[in-house]
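J.: Quick one: this structure, given as structure tokens, is what I'll be asking you about.
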Amino acid sequence: MTTETQHRKKDPIRLHRQLLESAALIAGRDGIAALSLNAVAREAGVSKGGLLYHFPNKQALIFALFTRLLDIMEQAIGELMAADNITHGRFTRAYLRYLSNPALTGTHESRQLMVLSLAMPDEPVLRKCWRDWMLGHLARGDALDNGPTGTLVRYAADGIWLSELTEGRTMSREHRQSLVNNLTKMTLPT
């Protein structure tokens, strides 16, 4: 029995996480195009067969990585919603707060989300995963979350986040904060 087989049998959950961490590292550092099964296996220090035991193909690996990032995002947005005592527009406001948090820009998590978001046009499974996540929140949301104003605020949050990741900061800190404040006001009851 090889060391890898012994390792996998002892703790398959840990190996699964290690493989996802390796995939996340490659995707964040080198982009989705560099995310091959061989590269992930090499980064994780396992054979390709060891990787295939957990993920049968690249799409399954990408899906698992995206799902993992959505879980992180879900937890953060859930915490923001729980801390918000104003029910009107709560999901949209939490989504805006999450994506417009300056601490998120430049993080490994944010870079991975960007890489996977940019891969969505070519990966129908990712589009479906994102769509299902968003529709689930909207189904539980209110009139603002499901109306034009909520959509506008969320798209603006996406734009702020993505532009900072792709272009760097293009507006002053004050300008950015004013924009976020105005978007937040749009989500509050009148």
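The values are calculated or read from the model by the stated rules, or taken from the named source; none is laboratory data. Note that the coordinates shown come from a computational prediction; the quantities given were computed from them, not determined experimentally. No Cβ is skipped: glycine too gets one built from the backbone with ideal geometry, and neighbour counts run over all protein chains shown. Note: areas computed on protein heavy atoms with side chains; ligands, DNA, RNA excluded. Shrake-Rupley method; radii C 1.70, N 1.55, O 1.52, S 1.80 Å.
J.: For a quick check of your reading of the model, give me the residue pairs whose first member lies in segment 7-32 and is farther than 17 Å from Leu52 by Cβ, whose second is modelled with pLDDT of 80 or more and open to solvent by 40 Å² or more (accessible area, probe 1.4 Å), with beta-carbon atoms closer than 7 Å and at least 6 apart or on different chains.
T.: Short answer, once both residue conditions are applied: Leu25/Glu43.
J.: Let me ask another. Return yes when Arg29 is modelled with pLDDT under 85, of a type in the set (D, E, K, R) and on the phi < 0 side of the Ramachandran plot and no when it is not.
T.: Working: modelled with pLDDT under 85: yes; of a type in the set (D, E, K, R): yes; on the phi < 0 side of the Ramachandran plot: yes.
Taking the combined requirement at face value, the residue satisfies it.
J.: Restricting attention to segment 22-59, which residues are within 26 Å of Met134 (Cβ to Cβ) and either open to solvent by 30 Å² or more (accessible area, probe 1.4 Å) or among the acidic types (Asp, Glu) (or both)? Walk me through how you get there before you give the answer.
T.: Residues of segment 22-59 that are within 26 Å of Met134 (Cβ to Cβ), as a first pass: 23-24, 27-28, 31-33, 35, 55, 57-59.
The answer is Ile32, Ala33, Asn57, Lys58, Gln59.
J.: Listed residues Leu70, Leu144; which is buried (at least 16 other Cβ atoms within 10 Å of the Cβ) and in contact with a Cys (Cβ under 9 Å, 6 or more places away or on another chain)?
T.: Details: Leu144 fails: in contact with a Cys (Cβ under 9 Å, 6 or more places away or on another chain).
Checking each option against the conditions leaves just Leu70.
J.: Please list, ordered by residue number, the helices (runs of 4 or more DSSP H) wholly in segment 43-117 having 3 or more residues that are assigned by the TED database to the domain that holds Val180 and within 15 Å of the chain's Cα centre (by Cα). Let's see the steps before the verdict.
T.: Numbers: elements: 48-54, 58-83, 90-100.
In segment 43-117, the matching helices (runs of 4 or more DSSP H) lie at 58-83, 90-100.
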